Amino acid sequence: MSRIVTLGEPLMRMTPPGFQRVKETKEFQATIGGAELNASVNLANFGHEVTFVSAVPDNDLGENVRKFLRERNVNDQWVKREEGRLGVYFVEEGYGPRSAKVTYDRTYSSFLQVAGQEWKWDAIFESCQLFHVSGITPALSSSLKEFTLQAVREARKRNVLISFDCNYRSKLWSEEEAKLAFEQILPYVDICFAGQKDFTHILNVGPEENFHPSLLKKYFREASQDYGISLFACTNREVIDSQSHQLQGFLFKNDQFIESQKHSIQVLDRIGGGDSFAAGILHGMLEGLDETSILDFGMASSILKHTVKGDHSSFSEDEVFEFMNAHLHDVVR
Ligand code: KDG
């Protein structure tokens, strides 16, 4: 198993029960989310030693997040207590043809303070194999954009593999801003994840309506040459309705392009599905699985996440393998 460092903002997720609307509900269920935190929890479930770099408020809400991390075996040593507040986001879950809606309330969060701090990079990256961050972090402020670049440079200096999940969020920044930032980050990246919005809107792989895997293959090959990225993985989703989707995964590694089958999946909660996919791919890669098994492990991890409520799941490596062998393909470990 590997030592992994992640960087990102923890968020409190507020969800009205029973598909109620946010503007009408009188009750919310509170859970913890945040893209990089979700990936951290999944990676810790798979047995890795994960350290989360972040900041939370110096109050009971911040303590709630730190306790949450510790309970899930994610090291919170570098989660600083800072001025500001805990970011919150509200999720109105979709039902049938009604799609889900996300409302952010995260301005002035303590996480913004990470950019102005002195960080002991030697200690943070000591014996670390992999650093993971997503496009949400640089989207939050111009100083966090600089800080993300600083963090990837510090990781690169120490020969730590760098994993970047583009994770474009249209509510946080424009496509043009994201494109400019990604162009600065991608030259440092070894492993890159992209969702549908990333590859159709930001990476210019082709229009969503005319998507074809051959376009992805061409893009992956060019980008791996331009940026030196050694592994690309992404999913493409066809939404039938809020509870049923078709999910297909793609992986490009060692000049090999692999497509998974299109899986029809039941969706209880799609949020965090991409983070579970990334965690599954990273785990498969770090464990030295063959290309097909890496992709299938990522798909199994993501499909399982869709079956549970909340932004991340608690499936162990064995449980994901069991699901993958039963439903995705026959692999003997
Ligand atoms: O990938 C899931 C995330 O989108 C969710 O946990 C919330 O971090 C979040 C964000 O900024 O959207």
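The values are calculated or read from the model by the stated rules, or taken from the named source; none is laboratory data. What you see is a predicted model, and the numbers here were worked out from it, not measured in a lab. Ideal geometry is used to build each Cβ from the backbone, glycine not excepted, and the neighbour counts take in all protein chains shown. To get the accessible areas, we keep the full protein, side chains included, count just its heavy atoms, and leave off ligands, DNA and RNA. Shrake-Rupley method; radii C 1.70, N 1.55, O 1.52, S 1.80 Å.
What does the convex hull of the Cα atoms of the range 1-157 come to per residue, in Å³, rounded to a whole number?
Measuring per residue, one finds 127 Å³ for the Cα hull of the range 1-157.
If you average the sequence gap of Cα pairs under 8 Å that are 6 or more apart and divide by the length of the chain, what percent do you get for the contact order?
Taking the mean separation of contacting Cα pairs over the length of the chain, I get 16 percent.
Could you let me know the centre-to-centre spacing of the range 290-316 and the range 6-70, using Cα atoms, in angstrom?
Taking the Cα centre of the range 6-70 as reference, the centre of the range 290-316 is 18 Å away.
Determine the alpha carbon to alpha carbon distance for each of LYS197/LYS305; LYS145/LYS262; LYS101/LYS253; LYS171/LYS253 and list only those over 25 Å.
In this structure, LYS145/LYS262; LYS101/LYS253; LYS171/LYS253 exceed 25 Å between Cα atoms.
Starting from the Cα of LYS179, draw a straight line to each of the aspartates and glutamates and keep only those under 13 Å, dropping any in the same chain fewer than 8 residues away.
ASP198
Ratio of alpha-carbon Rg to the 2.2 N^0.38 Å globular estimate for the range 3-327, to two decimals, please.
0.93
What nm distance separates the two modelled labels at GLN150 and GLU322, each placed 7 Å from Cα along Cα→Cβ?
4.5 nm
So how strong a dipole does the chain carry about its Cα centre when Lys and Arg Cβ are +1 and Asp and Glu Cβ are -1, to the nearest 20 debye?
Dipole of the chain, to the nearest 20 debye: 480 debye.
Rule-of-thumb check for the range 159-281: C-alpha Rg over 2.2 N^0.38 Å?
1.03
Mind putting together the pair-distance distribution for the range 267-333? All Cα pairs, 10 Å bins, whole percent per bin, short to long.
25, 56, 18, 0
Which value does Rg/Rh take for the range 112-180 over its C-alpha atoms, Rh per Kirkwood?
On the Cα set of the range 112-180, Rg over Rh gives 0.99.
Please compute the per residue accessible area over the range 3-327 with all protein chains in place, 1.4 Å probe, rounded to a whole number of Å².
Dividing the accessible area of the range 3-327 by its residue count gives 42 Å².
Under 5 Å between amide H atoms, partner at least 5 residues away or on a different chain: which partners does LEU11 have, H built in plane at 1.01 Å?
Hits under the 5 Å cutoff: GLY33, GLY34.
How about the range 1-90: which trypsin sites (Lys or Arg not before Pro) there are in a DSSP loop, with at most 13 other Cβ atoms within 10 Å of their Cβ?
ARG21, LYS23, LYS26
With θ set to phi - 60° and the Karplus curve 6.51 cos²θ - 1.76 cosθ + 1.60, what are the ³J(HN,Hα) couplings of the range 21-35 in order, to the nearest whole Hz, using x for Gly and Pro?
Karplus values, whole Hz, x for Gly and Pro: 7, 4, 6, 10, 5, 10, 9, 9, 9, 9, 9, 9, x, x, 3.
Which length gain, in nm to one decimal place, applies between GLN248 and VAL22 when the Cα-Cα distance is subtracted from 0.36 nm times their residue separation?
Value of the extension gain: 78.3 nm.
Where the centre of each part is set by its Cα atoms, how far does the range 103-124 sit from the range 179-198, in angstrom?
About 21 Å separates the Cα centre of the range 103-124 from the one of the range 179-198.
How large is the Kirkwood hydrodynamic radius of the range 89-152, in angstrom, based on all distinct alpha carbon pairs?
Averaging 1/r across every pair of different Cα atoms and inverting gives 14.4 Å.
For the range 123-225, run through the trypsin sites (Lys or Arg not before Pro) and keep only the ones in DSSP coil with at most 15 other Cβ atoms within 10 Å of their Cβ.
Qualifying residues, ordered by number: ARG158, LYS171.
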